[in-house]
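Participant: Below you'll find the structure I mean.
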Amino acid sequence: MRTVRVGLGDRGYDILIENGLLEAIGADLKQRAIAKRYVVVADSHVAELVSGRLMASLTAAGVSAELITFPQGEASKHLATVAELASRLAQMGLDRKDALIALGGGVTGDITGFLAAIYMRGIPFVQIPTTLLAQVDSSVGGKTGVDIPEGKNLIGAFYQPRCVYIDSNVLMSLPSAELLNGLAEVIKYGVIYDAEFFRYLVEQREAILARDITVLEEVIARCCEIKAAVVAADEREADLRRILNFGHTLGHAVEAASNYAMAHGLAVGLGMVAACGLAVGKGIFAQEQADAVCQLIADYGLSVKIPAEFSPQQIKSFLKTDKKTVGGRPFFVLPTEIGKVVVTDAVSEELIDTVLGARPKAKG
């Protein structure tokens, strides 16, 4: 088993990574004694596919647990869902000695974490991410929240889980589109923090796409190590943690322009391509390295072209309500070389227009 520690003092926690871990979670939770009773929160699809194995593990270990569900999809990530789930917890008699378990992808983790943060002013919760995107990114770091019509994740809280359990085996049955959705976030870590990891992603592309379990666990562990280091240094995104938003400024805007029909990871991939274009336009990033990033994104099967139906004006309209916009100026994470980035608001509207209208180069 691989263990990555998120070092936040008495709020620190372990990320456990192992093939087949789902069946061992009950015994581990029993030993950790986080709560006397648990409620597992899952969307309707994940509940049907995975919850039986988890509930069996909890029952076998003598852990008291019940399952509640909500409709699958980003459309459920709003305050009404949180209110409905909170009412169900109250009806079940859940109290401050109890805890929640988020079983699912990023939407479930965000909803459950936010619910845990506000129910009775805070109860413990545990993350069991079942998608690659959630395993390498959204389940770690304590960001929780929901969407409103004006923008993504505009209502939320920083609230850390007590533990994160990552079973790499669940990725074997993940739809190909969901695997790609997570790979955009994986590539992000190489660009912002670790050039050697970027090269590893180039070299191991075939193995990753073939879902080689050993390689996937290495990828997941490295992503978690990077995020844990960044979060430990800057939990509430005052400084260093902002680098994790690489590709997210314009990515979130494209995602919002699609009315959230576009998957988050695919939008982030487009945002990373755009960020590379902005960095080249500002003269801080070599075109050769920008081409390498765009090529890797394309080689993994992700799009590098923003759909023509989204105009620059439409995309820019969503930048105004993005959390990374301060005083009306959006902040961008821009690479200076593969493995290093800067955060800046010194990006002209003309350059944004140019990049949004451009067509990046990628072979194949």
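The values are calculated or read from the model by the stated rules, or taken from the named source; none is laboratory data. Keep in mind it's a predicted model, so treat the numbers as computed, not measured. Cβ: placed from backbone, ideal geometry, glycine included. Neighbour counts: every protein chain shown.
Participant: Residue check, residue 348 against (1) surrounded by fewer than 22 Cβ atoms within 10 Å (Cβ to Cβ); (2) at pLDDT 90 or above; (3) in contact with a strand residue (DSSP E or B) (Cβ under 9 Å, 6 or more places away or on another chain), all met but one. Which one?
Facilitator: (3)
Participant: Next up: Of these, 99, 61, 83, which one is surrounded by 13 or more Cβ atoms within 10 Å (Cβ to Cβ) and either without any contact (Cβ under 8 Å) to a residue 12 or more places away in the chain or out of contact with any Pro (no Cβ under 6 Å at 6 or more places or on another chain) (or both)?
Facilitator: Sole residue among the options that is surrounded by 13 or more Cβ atoms within 10 Å (Cβ to Cβ) and either without any contact (Cβ under 8 Å) to a residue 12 or more places away in the chain or out of contact with any Pro (no Cβ under 6 Å at 6 or more places or on another chain) (or both): 61.
Participant: Which is among the aliphatic types (A, V, I, L, M), touching a Lys or Arg at 6+ places or on another chain (Cβ under 9 Å) and at pLDDT below 95, of 256, 308? Give the derivation first.
Facilitator: Working: 308 fails: touching a Lys or Arg at 6+ places or on another chain (Cβ under 9 Å).
So the residue among 256, 308 that is among the aliphatic types (A, V, I, L, M), touching a Lys or Arg at 6+ places or on another chain (Cβ under 9 Å) and at pLDDT below 95 is 256.
Participant: Consider residue 236 against the criteria (1) under 24 Å from residue 150 (Cα atoms); (2) of a type in the set (D, E, K, R); (3) in a helix (DSSP H, G or I): it satisfies all of them except one. Which criterion is unmet?
Facilitator: Of the numbered conditions (1) under 24 Å from residue 150 (Cα atoms); (2) of a type in the set (D, E, K, R); (3) in a helix (DSSP H, G or I), the odd one out for residue 236 is (3).
Participant: Which residues, taken from the stretch 241-280, are polar (S, T, N, Q) and part of a helix (DSSP H, G or I)?
Facilitator: 245, 249
Participant: Moving on to the next point. Hey, among 91, 72, which residue is free of Cβ contacts under 8 Å to residues at least 12 places away in the same chain and either assigned by TED's automatic domain parsing to the domain that holds residue 138 or closer than 27 Å to residue 183 by Cα (or both)?
Facilitator: Matching residue, one of 91, 72: 91.
Participant: Based on what the data block shows, is residue 165 modelled with pLDDT of 95 or more, part of a helix (DSSP H, G or I) and not charged (D, E, K, R)? Explain how you work it out, then say what you get.
Facilitator: Numbers: modelled with pLDDT of 95 or more: yes; part of a helix (DSSP H, G or I): no; not charged (D, E, K, R): yes.
Considered against the rule, which asks whether it is modelled with pLDDT of 95 or more, part of a helix (DSSP H, G or I) and not charged (D, E, K, R), residue 165 comes out as no.
Participant: I'd like to check something: does the stretch 275-290 contain any residue that is of a type in the set (D, E, K, R), over 21 Å from residue 139 (Cα atoms) and touching a residue at least 40 places away in the same chain (Cβ under 8 Å)?
Facilitator: Checked the stretch 275-290: at least one residue is of a type in the set (D, E, K, R), over 21 Å from residue 139 (Cα atoms) and touching a residue at least 40 places away in the same chain (Cβ under 8 Å).
Conditions tested, residue by residue: (1) touching a Ser or Thr at 6+ places or on another chain (Cβ under 8 Å); (2) at negative phi; (3) of a type in the set (Val, Ile, Thr).
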site: 59; (1), (2), (3): no, yes, yes
site: 64; (1), (2), (3): no, yes, no
site: 73; (1), (2), (3): no, no, no
site: 87; (1), (2), (3): no, yes, no
site: 91; (1), (2), (3): no, yes, no
site: 94; (1), (2), (3): no, yes, no
site: 110; (1), (2), (3): yes, yes, no
site: 119; (1), (2), (3): no, yes, no
site: 124; (1), (2), (3): no, yes, no
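Participant: Counting just the residues of the stretch 86-130 that are acidic (Asp, Glu) and part of a loop (DSSP other than H, G, I, E, B), which one comes out nearest to residue 32 (Cα to Cα)?
Facilitator: 98
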